[in-house]
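Asks: Below is one structure. I have some questions about it.
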Amino acid sequence: MTEIKVEKTVSRGVAVAPRNVQQAIDETVEEVAEIFGQMEDEYMRERKADVLDIGKRFLIKCKKITVQDLASICEPVIIVARDLFPSDTVKMNPEYVKGIITEEGGITSHVSIMAKNYGIPALTGVAGILGKLEDGSTVCMDAAAGNIVLDPDAAVLQEFEKRKQEALKEQEELKKYRAMEAVTPEGKRISLCINVGNTEEMKLALDKNIDGVGLFRTEFLYMENTHFPTEEEQFAVYKEAAQLCPKEVTIRTLDIGGDKSLPYHEFEPEENPFLGWRAIRISLDMPDLFCTQLRAILRASAFGHIRIMFPMMISVEELVQAKEMVEKCKEELRKEQVTFDEDVEMGMMMETPASVLLAEDFAREADFFSIATNDLTQYILAVDRGNKRIASRYDSFHPAVWKAIAAIIRAGHKYNRKVGMCGELAGDVNAVSKLLELGLDEFSMSAGNIDYVRRMIIG
Ligand code: PEP
Ligand code: MG
């Protein structure tokens, strides 16, 4: 099973062609058609239309699919695709998307996280499914059970419909916990927060009695753009986030590189992108880019309760350098007489083995920790989080990962730092009681998991 989720659905299926396959076929067909179109012999010139026609039929035959613009979907569907990228998912209307199945990706891939934010059942890493489907096929999926049935008969459809109704009933019952604060039976108040990639996702979760945003992934602002977003563009988004949520909004500085690229900036190809030029490394190496973001965050801090969080730290020097950049930006803003929160907290993601081993040193410098188990798992276990071939080895319940989690919490608490978790593990009901035992203070997760985790915490 590639996704732990308790929502179930039944829906008609729609398959979406991977953009790059379509483009490759289109470009080649046009190139060949143009050669015919330039020929002297009239008979041969007319063959251009044949080539175009063959190209069209080839595309349809080769994938047995309809190429769909996700923005045009206006009826309930299950999307089946090789993979979905932020630029695809941002266009779709979650109201109509009843489920998502992809051949690529794992539970920490963008598509899984996005689906959980919108409460859409998703299964990723389902190798070969595109070859078994035709556009318009009927598909049943139970994301919690990790089970898909193609062309189900009436009995199966009925069974899935029953499961769906049960899941909806459970979700309805869970809502009664929303009015309650997340307090453990021992009386500890836990902070229950959401992870988001934009303010739209925040709006969807505001009725869930959240204690704030534990992770605002700012990279989507960069990835869904045609240029590096300006200070004003970023300020508008962060300000809206601060105003939408009067409680803490933790803004993570840019985390591109690795599997996240930008359409308008060419990164040098790297042998090991996840070990390469990514996240804070880029920010520190491109001070202008970093300052633009920090100034926008600081300015927005005047409108709510914003915290700044740095990703991918491996040395205390990096943290000191990042904090110095914040000080430099603060100084500029003071000179410009622009208001901001002078006491804005600066914390860090705990997601590298180095940060675990140096947790006490970091705790002296950082205002708070957030354990980022998606990357922490991949780096502690040396297992690529997106490689479906080794997906079964990617295990956030591995004892080594839990030793790391325990060490981080111990170190943070020794210096009276609040320790949260914003990796997918925080939203996994099977992890909750153990994390509470270890003393985790804040659970931050995709909005779809909040109700389940609140119930577990209350006990
Ligand atoms: C993580 O690594 O656990 C995390 C929360 O960040 P991301 O998934 O964006 O890398
Ligand atoms: Mg990470």
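Asks: Which of the following residues is in a loop (DSSP other than H, G, I, E, B), free of Cβ contacts under 8 Å to residues at least 24 places away in the same chain, out of contact with any Ser or Thr (no Cβ under 6 Å at 6 or more places or on another chain) and of a type outside the set (Val, Ile, Thr): Glu159, Glu200, Glu173, Glu186? First the steps, then the outcome.
Replies: Numbers: Glu159 fails: in a loop (DSSP other than H, G, I, E, B); Glu200 fails: in a loop (DSSP other than H, G, I, E, B); Glu173 fails: in a loop (DSSP other than H, G, I, E, B).
Just one listed residue meets the conditions, Glu186.
Asks: Every residue in the stretch 353-385 that is crowded, with 22+ Cβ neighbours inside 10 Å and assigned to a loop (DSSP other than H, G, I, E, B), please.
Replies: Across the stretch 353-385, the qualifying residues are Ala366, Ala372, Arg385.
Asks: Within the stretch 318-326, can one find any residue that is in a loop (DSSP other than H, G, I, E, B), in the same structural domain as Ala296 (by TED's automatic domain parsing) and within 16 Å of ligand 2 (Cβ to nearest atom)? Before you say what the answer is, go through the steps one by one.
Replies: First, the residues of the stretch 318-326 that are in a loop (DSSP other than H, G, I, E, B): none.
Within the stretch 318-326, none of the residues are in a loop (DSSP other than H, G, I, E, B), in the same structural domain as Ala296 (by TED's automatic domain parsing) and within 16 Å of ligand 2 (Cβ to nearest atom).
Asks: Six or more apart or on different chains, Cβ under 8 Å: which pairs go from a residue in the stretch 345-367 that's closer than 17 Å to Lys403 by Cβ to one that's among the acidic types (Asp, Glu) and within 11 Å of ligand 2 (Cβ to nearest atom)? Could you list them?
Replies: The qualifying pairs are Glu351/Asp375; Thr352/Asp375.
Asks: Further question on the same structure: What tally of residues in the stretch 238-269 results from selecting those that are open to solvent by 50 Å² or more (accessible area, probe 1.4 Å), closer than 28 Å to Leu204 by Cα and part of a loop (DSSP other than H, G, I, E, B)?
Replies: Looking only at that region, the number is 5.
Asks: Can you tell me which residue within the stretch 396-428, out of those that are closer than 24 Å to Gly386 by Cα and open to solvent by 60 Å² or more (accessible area, probe 1.4 Å), is nearest to the chain's Cα centre (by Cα)?
Replies: Phe397
Asks: Here's something else I'd like to know. Restricting to the stretch 297-317, give me the number of residues that are more than 25 Å from Met421 (Cα to Cα) and either within 16 Å of ligand 2 (Cβ to nearest atom) or crowded, with 22+ Cβ neighbours inside 10 Å (or both).
Replies: Number satisfying all stated conditions: 1.
Asks: Also, quick follow-up: Limited to the stretch 69-102, what total is found for residues that are part of a helix (DSSP H, G or I) and more than 16 Å from the chain's Cα centre (by Cα)?
Replies: Taking the stretch 69-102 and keeping what is part of a helix (DSSP H, G or I), we get 70-72, 86-89.
Restricting the remaining residues to those that are more than 16 Å from the chain's Cα centre (by Cα) gives 70-72.
Residues in the stretch 69-102 being part of a helix (DSSP H, G or I) and more than 16 Å from the chain's Cα centre (by Cα): 3 in total.
Asks: Also, quick follow-up: Mind telling me which of the residues Asp384, Asp375, Asp361 ends up being of a type in the set (Asp, Glu) and touching a strand residue (DSSP E or B) at 6+ places or on another chain (Cβ under 9 Å)?
Replies: None of the other options fit; the residue is Asp375.
Asks: Let me ask you something else. With respect to the numbered conditions (1) more than 14 Å from ligand 1 (Cβ to nearest atom); (2) assigned to a strand (DSSP E or B), which one is the sole condition not fulfilled by Trp402?
Replies: The number of the failed condition is (2).
Asks: I've got another one for you. Leu221 passes all but one of (1) over 20 Å from the mean Cα position of the chain (by Cα); (2) in a helix (DSSP H, G or I); (3) within 23 Å of Ile282 (Cα to Cα); which number fails?
Replies: Result: Leu221 fails condition (1) only.
Asks: Oh, and also: Take the residues in the stretch 213-254 that are β-branched (Val, Ile, Thr) and under 15 Å from Thr199 (Cβ atoms); name whichever of them is farthest from ligand 1 (Cβ to nearest atom).
Replies: Checked the stretch 213-254; the qualifying residue farthest from ligand 1 (Cβ to nearest atom) is Val237.
Rundown of residues vs (1) at pLDDT 95 or above; (2) among the hydroxyl-bearing types (Ser, Thr, Tyr), yes/no style:
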residue: Tyr222; (1), (2): no, yes
residue: Asn225; (1), (2): no, no
residue: Thr230; (1), (2): yes, yes
residue: Glu233; (1), (2): yes, no
residue: Glu240; (1), (2): yes, no
residue: Leu244; (1), (2): yes, no
residue: Ile256; (1), (2): no, no
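Asks: Right, something else. Just checking, which of Glu248, Glu271 is out of contact with any strand residue (DSSP E or B) (no Cβ under 9 Å at 6 or more places or on another chain) and among the acidic types (Asp, Glu)?
Replies: Result of the check over Glu248, Glu271: Glu271.
The values are calculated or read from the model by the stated rules, or taken from the named source; none is laboratory data. Predicted, not measured: the structure shown is a model, and the values here were computed from it. Positions of Cβ are generated from backbone atoms using ideal geometry, with glycine treated the same way; all protein chains shown enter the neighbour counts. Side chains included, ligands, DNA and RNA excluded: accessible areas come from the protein's heavy atoms. Shrake-Rupley method; radii C 1.70, N 1.55, O 1.52, S 1.80 Å.
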